[in-house]
Amino acid sequence: MAVSRRIAELSDLTGRGAIVAGGAGHLGTAAAAALLELGARVAIVDRDRDGCDRAVAGLGPGAVGVPCDLSDEGATRAAVREAARVLGGVDVLVHAAARVGSSGAAGWAVPFAEQSVEAWDESLRVNLTSAFVLVQEARDLLAASGHGAVILFGSIYALVGPDLSLYEGTTMANPVAYGAAKAGIVQLARSLATQLAPAVRVNSISPGGVWRGQPEVFCERYARRTPLGRMASEEDVKGAIAFLASDLSAYVTGHDLVVDGGWTAW
Ligand SMILES: NC(=O)c1ccc[n+]([C@@H]2O[C@H](COP(=O)([O-])OP(=O)(O)OC[C@H]3O[C@@H](n4cnc5c(N)ncnc54)[C@H](O)[C@@H]3O)[C@@H](O)[C@H]2O)c1
């Protein structure tokens, strides 16, 4: 048998630069923390200066903020170039930015009949189109890395429809544009995996619902419906990020890593 590299070596990201779009958010910050812990430098690309500053302060040395409205194509392309300048290259690109179910825009987290085309269009700009723009702008940098890895955040709602009985008696909603964009993200990862190979690997992570103080009745129903008996936590995505960002997954591309406690296993 050929001499094999140890797990610690395969997972080491020392000297690599990572962009985390949506890095000021809950899962984006967890992803950034995992990448930093493995030795990478991380550029947090998120909507405003304050959010970036808060995330960078919490993450500590090795993290920098690059504020950017990801619904703006020009600003998104400029943010990739700025992050590459600060990091000295781009080896890893994570897309964790999204308008989520709890975002308060008009025509968004409301019953289907009230969901608006404006909210649909605006959400797709961030939830789907910005991933396309980021990868397109970073592709040459990622290819030059020798270890280029892209990770896009999908969701269980890329794979299955929502069970609306979970939401009964709450003001929560699950906008149809959210799942439609997430299905697009998972397919975008697959499509780019074949197009950017062999220089760049492209995978997605599809988490289940993360506990964030939702109404108790919702959390109970959610936990009961989940084989592992609980909602997800931010910690739960760290292993998936470490695996897909590093040489641990050197032969994995076009894969959707479902981190959902078994939600989609029934
Ligand atoms: N929370 C969950 O239960 C869950 C489940 C499955 C998948 N996901 C996915 O995981 C990813 C992270 O979700 P989260 O729970 O951390 O959400 P979050 O709201 O905490 O983070 C999303 C981040 O995206 C940023 N963002 C939104 N619009 C932006 C814009 N126009 N420009 C720049 N940044 C913008 C926000 O500022 C925020 O920091 C998302 O793709 C989400 O769809 C979340």
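Bear in mind these aren't lab numbers, they're just calculated from the coordinates by the rules spelled out. In this text the structure is predicted, and so the values were computed from the model without any measurement. Counting neighbours? That spans all protein chains shown, and the Cβs are built from the backbone with ideal geometry, glycine included.
Directionally averaged projected area (the chain, Cα convex hull): 14.6 nm².
In order along segment 31-44, the Karplus-derived 3J(HN,Hα) couplings, from 6.51 cos²θ - 1.76 cosθ + 1.60 at θ = phi - 60°, round to 4, 4, 4, 5, 5, 4, 4, 8, x, 6, 9, 10, 9, 8 Hz, and Gly and Pro are given as x.
Among the trypsin sites (Lys or Arg not before Pro) in segment 1-93, those placed in a DSSP loop whose Cβ has at most 16 other Cβ atoms within 10 Å are Arg5, Arg6.
Each peptide in 218-230, 56-68 gets a packing score, the mean of other Cβ atoms within 10 Å over its residues, and the list from highest to lowest is 56-68, 218-230. Mind listing which GluC sites (Glu not before Pro) in segment 84-175 are in a DSSP loop and have 12 or fewer other Cβ atoms within 10 Å? Taking segment 84-175 and a limit of 12 other Cβ atoms within 10 Å, the loop GluC sites (Glu not before Pro) found are Glu168. Selection among Gly179, Leu164, Leu142 by position relative to the dipole of the chain gives Leu142 as farthest towards the positive end (Cβ unit charges, Cα centre). For segment 42-132, which chymotrypsin sites (Phe, Trp or Tyr not before Pro) are in a loop by DSSP, counting at most 11 other Cβ atoms within 10 Å? Counting only loop positions with at most 11 other Cβ atoms within 10 Å, none of the chymotrypsin sites (Phe, Trp or Tyr not before Pro) in segment 42-132 qualifies. Charges were assigned to the Cβ only: +1 to each Lys and Arg, -1 to each Asp and Glu. The resulting dipole of the chain about its Cα centre is roughly 560 debye. At q = 0.13, 0.19, 0.24 Å⁻¹ the log10 of I(q)/I(0) for segment 1-98 amounts to -0.41, -0.79, -1.20, computed by Debye summation with a single uniform scatterer per C-alpha, solvent ignored. Dipole of segment 13-257 (Lys/Arg Cβ +1, Asp/Glu Cβ -1, origin at the Cα centre): which of Ala232, Leu87, Ser246 lies farthest to the positive side? Ranked along the dipole, the leading option is Ser246.
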